[in-house]
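Before any comments, here is the structure.
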Amino acid sequence: MKYRVSSFTAAVFVGALLIVTNMLPNSAEAEYGDVVLNEYSEDAGMRPVVFPHWFHRIRFRCKVCHGDLGFAFEAGGNDIDMLKIIDGQYCGACHNGDVAWSIENCELCHSGMPDTPTQVHHSTVQQLVKKAREDETDAQTEDSE
Amino acid sequence: MRSPEVRTTIVFAALLVVTTLVVMHVAIAQDDPNAFNRLMTPSSERNAPPESDGIHDPTADGTLMLQPPREAFAGLPKSRAGNYIDWSRAIEDELIVPRYDIHNPDANPIVLDLNIVREVKGSMPDVVYPHKLHTQWLDCANCHPAIFIPMKGANQISMASILLGEKCGVCHGKVAFPVSECRRCHSSPKVVDKD
């Protein structure tokens with residue numbers, strides 16, 4: 001026997017399914033080595049930048065950015081602004097419409113969750129050192145009160 | 001007898017109820033206080049797509065245009081930590097061919113095949129440092145002389161400094177495989193003196 005499915009029934013089913021699956025708890029995690037850069041972004045009214053190391057290391061060896069382009073091995077340690085990028089420095093050495101897509105695609109980089117500070121996601125420094133320093137600061141604030 | 005249209009609707013409603021129950025069951029299982037590996041990220045949630053990875057804003061138009069990691073990682077060898085990808089093997093087996101020069105895709109790295117064995121003070125096996133794997137990714141000047149003085153015995157390295165993001169920790173624990181992978185560095189068992 002054949003069932004005939006009207007497009008309305010199918011649409012209701014798919015819609016309900018989407019609602020149900022979205023109820024699942026969402027504790028998904030960003031990639032190891034994803035860098036969030038928020039030195040200037042949010043002060044200038046843009047979302048923070050997310051730099052995916054994994055995507056770039058598939059295409060370039062570390063030496064290209066950390067040797068030839070002068071990126072220091074430290075998140076937030078490079079003092080990058082849009083003027084420098086437009087001028088062909090740092091990200092702008094590739095993101096110029098020649099090697100990689102150009103800077104008019106603002107939201108491809110500026111896609112970070114608002115209020116996320118500069119950090120290397122899942123790094124030992126983020127998980128141990130920064131946390132320890134925060135605890136220390138908290139303890140000092142409590143002492144002074 | 002009911003029309004085929006009504007019957008189909010009933011079938012779909014039943015399907016929906018079943019799906020809801022399955023989904024709820026999964027959600028409840030995740031809240032089980034005695035769940036196995038309670039604090040670990042289940043493998044199904046690793047390498048999440050940008051819109052649900054917690055650091056991308058799902059309402060940004062750009063987020064949905066970005067490549068999901070799972071798509072890129074599909075053909076790459078797995079590992080147990082970091083991106084859950086064995087990047088060294090991926091480059092060794094030429095499953096990825098990252099450029100060594102921005103513009104010239106044919107430029108080749110200057111690879112140095114030299115292992116440095118560092119005897120460690122504690123009970124862990126000695127560290128074997130392979131220049132070969134590192135020079136496939138990096139230039140000598142990335143590490144020498146700013147991070148490591150190129151001279152035998154000139155570098156004080158401790159796990160404490162590595163955890164603080166110095167020495168090996170400039171990359172390991174940030175981008176290169178994390179410090180939880182003890183035996184990928186501490187790989188040469190100590191020679192035990194029987195006397």
> Just for the range A:73-103: of the residues that are touching a strand residue (DSSP E or B) at 6+ places or on another chain (Cβ under 9 Å) and in a helix (DSSP H, G or I), which one is nearest to residue B:100 (Cα to Cα)?
Replying inline: A:91
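Yes or no, residue by residue, for (1) away from every other protein chain (no Cβ under 13 Å); (2) under 30 Å from residue A:121 (Cα atoms); (3) at pLDDT below 95:
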site	(1), (2), (3)
B:107	no, no, no
B:132	yes, yes, no
B:140	no, yes, no
B:193	yes, no, yes
>> Taking the condition of being in contact with a Gly (Cβ under 8 Å, 6 or more places away or on another chain) and more than 17 Å from residue A:54 (Cα to Cα), how many residues in the range A:90-126 meet it?
In response: 11
>> Please go through the range B:54-85 and give me each residue that is within 15 Å of the chain's Cα centre (by Cα), at the interface with another protein chain (Cβ under 7 Å from one of its Cβ atoms) and not aliphatic (A, V, I, L, M), ordered by number.
In response: B:69, B:82, B:83
> List pairs: first in the range A:47-75 and farther than 16 Å from residue B:138 by Cβ, second of a type in the set (A, V, I, L, M, F, W, C) and in a strand (DSSP E or B), Cβ under 6 Å, 6+ apart or cross-chain?
Replying inline: A:48/A:36; A:49/A:37; A:50/A:36; A:51/A:35; A:75/A:35; A:75/A:120
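The values are calculated or read from the model by the stated rules, or taken from the named source; none is laboratory data. Bear in mind the structure is a predicted one, so any value in this text is a computation, not a measurement. Every residue, glycine as well, gets a Cβ built from its backbone with ideal geometry; the counts of neighbours run over all protein chains shown.
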